[in-house]
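K.L.:
Please read through the structure below; I'll follow up with questions.
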Amino acid sequence: MKTEPPVFTAEQASFLVHQRVARLATASSSLGNPHAIPVCYAFDGRLIHIALDEKPKNVPPTRLKRVRNILENPNVALVADRYSEDWDLLAYVLVHGRAGLVEPETEEHAAAVRLLRGKYHQYERMGIEKNPTIFIRPERVVSWGALDAPESVEPIMEAILGRRSVRRYLDREVPEGAVERVLEAARWAPSPHGRQPWRFAVLTREESKMLLAEAMGEEWRSNLQMDGQSVEVVDKRLEGSRNRLLNAPVLVLLCLYLEDLDVYSDAERQQNETMMAVQSLGAAAQNMLLAAYSLGLDPGWMCAPLFCPEKVTGALGLDPKLIPHAFLTLGYAEGDPPKRRSRRSLDEFVVYKD
Ligand SMILES: Cc1cc2nc3c(=O)[nH]c(=O)nc-3n(C[C@H](O)[C@H](O)[C@H](O)COP(=O)(O)O)c2cc1C
């Protein structure tokens, strides 16, 4: 008999994507003794993946109790939970399923490692690609509590380290209040002379997104053709960008607005004034990304409007003085983003210290 696909509600899936640690319970089949252990995990929207990275390395990964149990008895449970002194924020998602191992040097294994390294930068420097990974195929999901409560009880570093660019979303509505909070965060960003040289357009309706996708599509097509891309490649990339626009529940268009800036008689200072405005748009964007993440949303960034500003203002009927720079996408991630996320070491960034 074919197993039914797992039934995660959107709230359960989002909660699982956002938590950083879960407890994995396994049991041997002979004695049935339960064994539970905290694990880092990544969720691809279907399967849950766990790396084997034992420290100290005196036990080969296949001798680990959790692995021996899974090989004997694949039935497992995994619980991800949130604790807070504010008990209105308590919540958990409990997944029952069947587990197995994915051997290295397979496509599935490479994808799981990529996903885990994308979620936990610490895995970048660990040889997790040499060991099998554990997968859990969820069969039954139970949850309790305030799955949707904002994560803002956590300190700012939690948001900075936890945020990732998300490119695929669940079909799940974003509360209007959450979008307001994200915009409010932008309002408090630093700006040159406090002029706040930005304006935002919020798009949620399918029709507006479609209008935009059509208008931008023409420009993308001619740009890609200019780069000498084949018709098939151009079509595929256009389809991808279009789907991304339509798939994101909310698009926030970030525009530069230069009318309130200081005016100088020389071009160089004027250029620097504009540069400061662009820098502050970046600060506003980062405020929004972190606010969105701490509200339980998953933000993404699309630079496409920068390449066709007039098409964007034209399609939406916006003031032509606005200069579109980017879209922030807001919604709930379909799963952990597959893109590998690596960073240079701090030593490379700090070029002078005295
Ligand atoms: C100015 C800027 C433009 C970006 N444009 C895009 C884009 O057009 N498409 C996209 O998928 N990601 C875009 N990104 C997101 C980056 O790819 C992403 O931040 C980077 O890969 C690091 O991953 P992380 O955000 O998950 O840490 C952009 C980011 C910035 C700051």
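K.L.:
Out of the residues in the stretch 114-169 that are more than 30 Å from residue 251 (Cα to Cα) and assigned to a loop (DSSP other than H, G, I, E, B), which is most open to solvent (accessible area, probe 1.4 Å)?
P.N.:
Among those that are more than 30 Å from residue 251 (Cα to Cα) and assigned to a loop (DSSP other than H, G, I, E, B), it is 126.
K.L.:
Has the stretch 289-298 got any residue that is out of contact with any helix residue (DSSP H, G or I) (no Cβ under 8 Å at 6 or more places or on another chain), within 12 Å of the ligand (Cβ to nearest atom) and not polar (S, T, N, Q)?
P.N.:
As a first pass, look at the stretch 289-298 and keep what is out of contact with any helix residue (DSSP H, G or I) (no Cβ under 8 Å at 6 or more places or on another chain): 289.
This time we only want the ones that are within 12 Å of the ligand (Cβ to nearest atom), so: 289.
If we keep only those that are not polar (S, T, N, Q) as well, we get 289.
Looking through the stretch 289-298, at least one residue is out of contact with any helix residue (DSSP H, G or I) (no Cβ under 8 Å at 6 or more places or on another chain), within 12 Å of the ligand (Cβ to nearest atom) and not polar (S, T, N, Q).
K.L.:
Given the condition farther than 16 Å from residue 294 by Cβ and in contact with a helix residue (DSSP H, G or I) (Cβ under 7 Å, 6 or more places away or on another chain), answer yes or no: does some residue in the stretch 137-146 qualify?
P.N.:
Start the filter on the stretch 137-146 by keeping residues that are farther than 16 Å from residue 294 by Cβ, which leaves 137-145.
Filter once more, keeping what is in contact with a helix residue (DSSP H, G or I) (Cβ under 7 Å, 6 or more places away or on another chain): 141, 143.
Looking through the stretch 137-146, at least one residue is farther than 16 Å from residue 294 by Cβ and in contact with a helix residue (DSSP H, G or I) (Cβ under 7 Å, 6 or more places away or on another chain).
K.L.:
Listed residues 178, 201, 186, 213; which is touching a Leu at 6+ places or on another chain (Cβ under 6 Å), within 16 Å of the ligand (Cβ to nearest atom) and modelled with pLDDT of 90 or more?
P.N.:
It is 213.
K.L.:
Which ranges mark the helices (runs of 4 or more DSSP H) fully within the stretch 234-351 that have 3 or more residues being within 23 Å of the chain's Cα centre (by Cα)? Don't jump to the end; show me each part of the working.
P.N.:
Details: elements: 267-294, 309-316, 346-349.
Because the criterion is at least 3 residues that are within 23 Å of the chain's Cα centre (by Cα), the helices (runs of 4 or more DSSP H) in the stretch 234-351 that meet it are 267-294.
K.L.:
Would you call residue 284 buried (at least 17 other Cβ atoms within 10 Å of the Cβ), in contact (Cβ under 8 Å) with a residue 12 or more places away in the chain and within 21 Å of residue 319 (Cβ to Cβ)? Full working, then the answer.
P.N.:
Values: buried (at least 17 other Cβ atoms within 10 Å of the Cβ): yes; in contact (Cβ under 8 Å) with a residue 12 or more places away in the chain: yes; within 21 Å of residue 319 (Cβ to Cβ): yes.
When the stated conditions are applied, residue 284 passes them.
K.L.:
Does the stretch 205-234 hold any residues that are open to solvent by less than 80 Å² (accessible area, probe 1.4 Å) and of a type in the set (Val, Ile, Thr), and which are they?
P.N.:
First, the residues of the stretch 205-234 that are open to solvent by less than 80 Å² (accessible area, probe 1.4 Å): 208-210, 212-213, 215-217, 219-220, 222-224, 228-230, 233-234.
Across the stretch 205-234, the qualifying residues are 233, 234.
The values are calculated or read from the model by the stated rules, or taken from the named source; none is laboratory data. Since the structure is predicted, the reported quantities are computational estimates derived from the model, not experimental observations. So basically every Cβ, Gly included, is an ideal-geometry build from the backbone, and we count neighbours across all protein chains shown. Heavy atoms of the whole protein, side chains included, go into the accessibility calculation; ligands, DNA and RNA do not. Shrake-Rupley method; radii C 1.70, N 1.55, O 1.52, S 1.80 Å.
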